[in-house]
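The values are calculated or read from the model by the stated rules, or taken from the named source; none is laboratory data. Just so it is clear, the structure is predicted and the values come from calculations on it, not from any experiment. Cβ sites come from the backbone with ideal geometry, for glycine too, and all protein chains shown count toward neighbours.
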Amino acid sequence: VGDIVADSILDFFGDPSISAQVDALLAHGVDPQPEAAAGADSPLAGRTVVVTGTLSSMGRREAEALIERLGGRAAGSVSKKTDYVLAGESAGSKLDRARALGIPVLDEAAFYKLIGEENG
């Protein structure tokens, strides 16, 4: 990065209105940290995960997006091909079906431990 670009970056982030916008994003839970790259070393790579119930740390769409970023497939229904069910509060028939099929059921803490994060 040259002097001109460096000065432009400093000017941009030095602007109080930009700082306020960044603070607002952080306050709303936007995490500027890069997600782990999907790859063969991810514990979810090639795995099918169904999300059910209400999660306390993120919304269902956020959980599904995280699963996909980590190389997994987020599915809407439980089948014999499902590898894991991530179950939150008030999980219903999907949880029952997973148990009947012997599919591992993860609560949020176990899910975060599996993917190597301590957010749970």
Gly92 being surrounded by fewer than 18 Cβ atoms within 10 Å (Cβ to Cβ) and not polar (S, T, N, Q) = yes
Residue check, Ala45 outside any loop (DSSP other than H, G, I, E, B) and either at negative phi or not charged (D, E, K, R) (or both) = no
Only one of Val78, Val5, Val1, Val22 that is over 17 Å from Lys113 (Cα atoms), in a loop (DSSP other than H, G, I, E, B) and not assigned by TED's automatic domain parsing to the domain that holds Glu108 | Val1
Test: Leu70 is surrounded by 15 or more Cβ atoms within 10 Å (Cβ to Cβ) and at pLDDT below 95 = yes
Glu62 fails exactly one of (1) within 21 Å of Asp31 (Cβ to Cβ); (2) surrounded by 14 or more Cβ atoms within 10 Å (Cβ to Cβ), namely (2)
